[in-house]
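Peer 1: The structure's right below; bear with me while I get my questions together.
Read-outs throughout are calculated quantities, based only on the coordinates presented, and are distinct from any laboratory measurement. What you are looking at is a predicted structure, and each value in this text was computed from that prediction instead of being measured. Cβ placement follows ideal geometry from the backbone for every residue including glycine, while neighbour counts extend to all protein chains displayed.
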Amino acid sequence: MTTYEIIIGLEVHVQLITKSKMFSACSVPPPNAAPNTYVDPVTLALPGTLPVPNETALAWAVRAAYALGCTVSAQTKFDRKSYFYPDLPKGYQISQYDQPIGHDGELLFSYRDVSQKVHIERLHVEEDTGKLFHPASGDYSLVDFNRAGVPLLEMVTEPDLRSPESAKAFLQELQLIMRYLGISDADMEKGQLRCDANISLRPATAATPEQVERLYPKTEIKNLNSFRSVERALQFEVGRQEQLWEKGTPPTKQSTRGWNEASGQTVAQREKEAVQDYRYFPEPDIPLISFSAVWLKQQRAEVPELPAARRRRFTEAMSFSETDAASLVHDKALANYAEQVVSELREWVQAERPKEQRVTWATHKADLVKLVASWLVHVHAGIRAKQQRSIEDSKITPENFAELLAYLYDKDITKTVAQTVLAEMEVTGNDPSNIIDTKKLWSRASDIDLETVVANVVADHPDVVQDYKKGKTTAAQFLVGQVMKATKGTADAKQALEMIVHKLG
Ligand code: MN
């Protein structure tokens, strides 16, 4: 079989979470709003209404364009894209055609540790359409105009992606950038990020360089509403098109296919409209828009540190491992929280000890940040999941979080105790030292005579001791468990195990 190169380009729509819609003062509906309750005369295209562009939406689009390295022109304009569909009350969508907000950008992301660059052909703003419902019983359809007029950002990539898996990784990075910009939640399942994927194949080896670079007619896949379905649909399409090539009948014209989640297949849809079918022409109701240099500069300054830069800083300057940096940066609020915990720990290292015991941050930071990542990403995330609480709503301040980790790092408490105390902190919001004092959980302050506890546990469990002597080594773990129970988790489990093994010979 010939090998084929996979050529993928994406068209992504992102809903902006502005207060009002793209061209009117009508509020953007909250999730699950009752149908047709967030509409106004502009949304419904009543006669005599005129569109007024939302400045916030324009500002956010400009920031997104800068974040994606696009060229932003000082002038932009809106155009009408005409087509008939019942969810489009005007019979045209106000979009942008030849003067988009941004063009010629790029997004760097990595998939399986390989860094890749995808060119962004264009980025523009437009309005969303309403939604149609087709009840299973009945020969009618329903329309909800709540979503009509909600601001959308559309981004079109060059066909730079070479695998379904990297297409998914690209989208995930794009989602994260939208979240860092604070302009969209970009949740695919909720329709806040929508993606159409264009895919074609070409023989990996060809006689001439022109043939190697040649692009064949693409297939557009629609109705992709999760990262997983993007990947699966593209994987399916690779297989389908490979078979067509093998049979000597590769696609000869562009087509559109829909993804069927249940069957795991793409199915043929209508032939796609050509661009001339949309009869694009300048929107006469909105004048040309000029951005002043000062305003553009302000928008550029509003672009925050983006995920890629933050990952780099977390690894290079803060000594997090690549994996920990990726886990933390994946959630902006979590990354902010981690930074605060680290800065509190740094102060603790530098100040909270007698002079002669003072240590340097440089010596300890790698171990300490590892502790921070592991306790935030694994332990605390589990506790929060039980409480159904996001990091923003956590009852634990970064200062208290750092204090607990400091005790653990100094071996003032055991890991078992730290877990218990952290869970209680999340429930009550108490200081760790209070909880540890009240419950007498300090390792150093406990008057536990571990020898005696071990001796008692061994004496109390003759059967288990017999099992151990017969070669059942897990019996020792049971005895360690009993020691931990007797000491409320303050004993050093490793030391207890050594004592038990020693005692049982
Ligand atoms: Mn569009």
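Peer 1: Note down the Stokes-Einstein diffusion coefficient of segment 41-184 in µm²/s, whole number, using a Kirkwood radius over alpha carbon pairs, 4 °C, and 1.567 mPa s.
Peer 2: 76 µm²/s
Peer 1: To continue, here is another question. List Y66, Y97 from most exposed to least, where exposure is judged by having the fewest other Cβ atoms within 10 Å.
Peer 2: Ordered by Cβ neighbours within 10 Å, fewest first: Y97, Y66.
Peer 1: Now for a separate question. Quick one: 3J(HN,Hα) in Hz for segment 11-28, Karplus 6.51/-1.76/1.60 with θ = phi - 60°, rounded, Gly and Pro as x.
Peer 2: 10, 10, 10, 10, 7, 8, 8, 6, 6, 10, 6, 5, 10, 7, 7, 4, 5, 6
Peer 1: Here is a follow-up. Between segment 74-108 and segment 179-228, how far is it from one alpha carbon centroid to the other, in angstrom?
Peer 2: Between the Cα centres of segment 74-108 and segment 179-228 lies a distance of 19 Å.
Peer 1: Quick one: if you take sqrt(5λ) for each eigenvalue of the C-alpha gyration tensor of segment 394-493, what semi-axes come out, biggest first, whole angstrom?
Peer 2: Values: eigenvalues 204, 35, 22 Å².
Over the Cα atoms of segment 394-493, the semi-axes work out to 32, 13, 10 Å.
Peer 1: Sticking with this one: Taking each pair of distinct Cα atoms in segment 107-266 once, what is the resulting Kirkwood hydrodynamic radius in Å?
Peer 2: For segment 107-266, inverting the mean 1/r across all distinct Cα pairs yields 17.8 Å.
Peer 1: Now, a different point. Stretch A385-L44 to full length: gain in nm at 0.36 nm per residue minus the Cα-Cα span?
Peer 2: Gain on stretching A385 to L44: 118.6 nm.
Peer 1: Nearest 20 debye, what's the magnitude of the dipole of segment 199-292 about its Cα centre given +1 on Lys and Arg Cβ and -1 on Asp and Glu Cβ?
Peer 2: So the dipole magnitude of segment 199-292 works out to roughly 300 debye.
Peer 1: Taking 2.2 N^0.38 Å as the expected size of a compact globular protein, what ratio does the Cα radius of gyration of the chain give against it, to two decimals? Please list the in-between numbers first.
Peer 2: Numbers: Rg = 29.9 Å, N = 505, 2.2 N^0.38 = 23.4 Å.
Rg over 2.2 N^0.38 Å, computed on Cα atoms: 1.28.
Peer 1: For F478, F78, F291, what's the fewest-to-most ordering of other Cβ within 10 Å of each Cβ?
Peer 2: Neighbour counts put them in this order, fewest first: F478, F291, F78.
Peer 1: Moving to a separate point now. HN-Hα J couplings of segment 451-457 from phi, Karplus 6.51/-1.76/1.60, θ = phi - 60°, integer Hz, Gly and Pro as x?
Peer 2: Taking θ as phi minus 60°, the curve returns 4, 5, 4, 4, 4, 5, 4 Hz for segment 451-457.
Peer 1: Still on this structure, please answer the following. Once phi is turned into ³J(HN,Hα) by the Karplus curve 6.51 cos²θ - 1.76 cosθ + 1.60 with θ = phi - 60°, what whole-Hz value does each residue of segment 240-256 show in order, with x for glycine and proline?
Peer 2: Rounded to whole hertz, the list is 5, 6, 4, 4, 4, 5, 4, 7, x, 10, x, x, 9, 9, 5, 8, 10.
Peer 1: Points 7 angstrom from Cα along the Cβ direction at T37 and S374: gap in nanometres?
Peer 2: 4.9 nm
Peer 1: Pull up the cross-link candidates among the aspartates and glutamates for K469, meaning alpha carbon to alpha carbon under 19 Å and not fewer than 8 places away within one chain.
Peer 2: D460, E498
Peer 1: Still on this structure, I have one more. With Cβ to Cβ distances under 15 Å as the rule, what net charge do the other residues near A423 carry (K, R +1; D, E -1)?
Peer 2: +4
Peer 1: Name the shape class, rounded, prolate or oblate, that the alpha-carbon gyration tensor gives for segment 368-423, where a ≥ b ≥ c are the square roots of its eigenvalues, rounded holds for a/c under 1.5, and otherwise prolate holds if a/b is larger than b/c and oblate otherwise. Walk me through the intermediate numbers first.
Peer 2: On the way: a/c = 1.81, a/b = 1.63, b/c = 1.11.
Prolate, since a/c reaches 1.5 and a/b exceeds b/c.
Peer 1: Right, next: Relative contact order of the chain: what whole-number percent is it, with Cα pairs under 8 angstrom and at least 6 residues apart?
Peer 2: 13 percent.
Peer 1: At 25 °C and 0.890 mPa s, grab the translational diffusion coefficient of segment 48-94 from Stokes-Einstein with a Kirkwood Rh over Cα pairs, rounded to a whole number in µm² per second.
Peer 2: 189 µm²/s
Peer 1: Taking a virtual spin label 7 Å from the Cα of S343 along the C-beta vector, which residues in segment 403-427 bring their backbone nitrogen under 16 Å of it?
Peer 2: 403, by backbone N distance to the label point.
Peer 1: I would also like to ask the following. 7 Å from Cα along Cα→Cβ at both T249 and D104: what's the point-to-point distance in nm?
Peer 2: If labels sit at T249 and D104, their model points lie 4.3 nm apart.
Peer 1: Ok, one more. Over segment 115-158, calculate the relative contact order: mean separation of alpha carbon pairs under 8 Å at least 6 apart, over the residue count, as a percent. All intermediate terms of the calculation are to be shown ahead of the outcome.
Peer 2: Values: 71 pairs, mean separation 22.7, N = 44.
Contact order relative to length: 52 percent.
Peer 1: Shifting gears a bit: Report the net charge of residues surrounding V303, where surrounding means a beta-carbon distance below 14 angstrom and charges are Lys +1, Arg +1, Asp -1, Glu -1.
Peer 2: Taking every Cβ under 14 Å from that of V303, the sum is +4.
Peer 1: On to the next question. Can you give the extra length, in nm with one decimal, that the chain gains between T323 and H502 once fully stretched, where that is 0.36 nm per residue apart less the Cα-Cα distance?
Peer 2: Value of the extension gain: 60.5 nm.
Peer 1: Sticking with this one: Quick one: check the C-alpha center-to-center distance for segment 292-364 versus segment 20-43, whole angstrom.
Peer 2: A separation of 39 Å, based on Cα centres.
Peer 1: Let me know the volume per residue of the alpha-carbon convex hull for segment 191-301, in Å³.
Peer 2: 224 Å³
Peer 1: By how many nm would the segment from R279 to H461 grow when fully extended, if each residue of separation counts as 0.36 nm and the alpha-carbon distance is taken off?
Peer 2: Full extension from R279 to H461 adds 56.9 nm.
Peer 1: Over segment 291-387, one equal point on each Cα, no solvent: what is log10 I(q)/I(0) by the Debye formula at q = 0.10, 0.16, 0.18, 0.23 Å⁻¹?
Peer 2: Per q value, in the given order, log10 I(q)/I(0) is -0.37, -0.74, -0.86, -1.14.
Peer 1: Sticking with this structure for a sec: Taking just the alpha-carbon atoms of segment 150-216, what radius of gyration and Dmax come out, in angstrom?
Peer 2: Taking only Cα atoms of segment 150-216, I get Rg and Dmax of 15.8, 49 Å.
Peer 1: Under 9 Å from the Cβ of E231, count the other residues' Cβ atoms, weight Lys and Arg +1, Asp and Glu -1, and hand me the total. Don't jump to the answer; show the numbers that get you there.
Peer 2: Working: positive: K168, R228, R232; negative: E165.
That works out to +2.
Peer 1: Which three semi-axes in whole Å describe the equivalent ellipsoid of segment 1-77, each the square root of 5 times a Cα gyration tensor eigenvalue, listed largest first? Spell out each step's value before the answer.
Peer 2: Values: eigenvalues 221, 80, 35 Å².
After diagonalising the Cα gyration tensor, the semi-axes are 33, 20, 13 Å.
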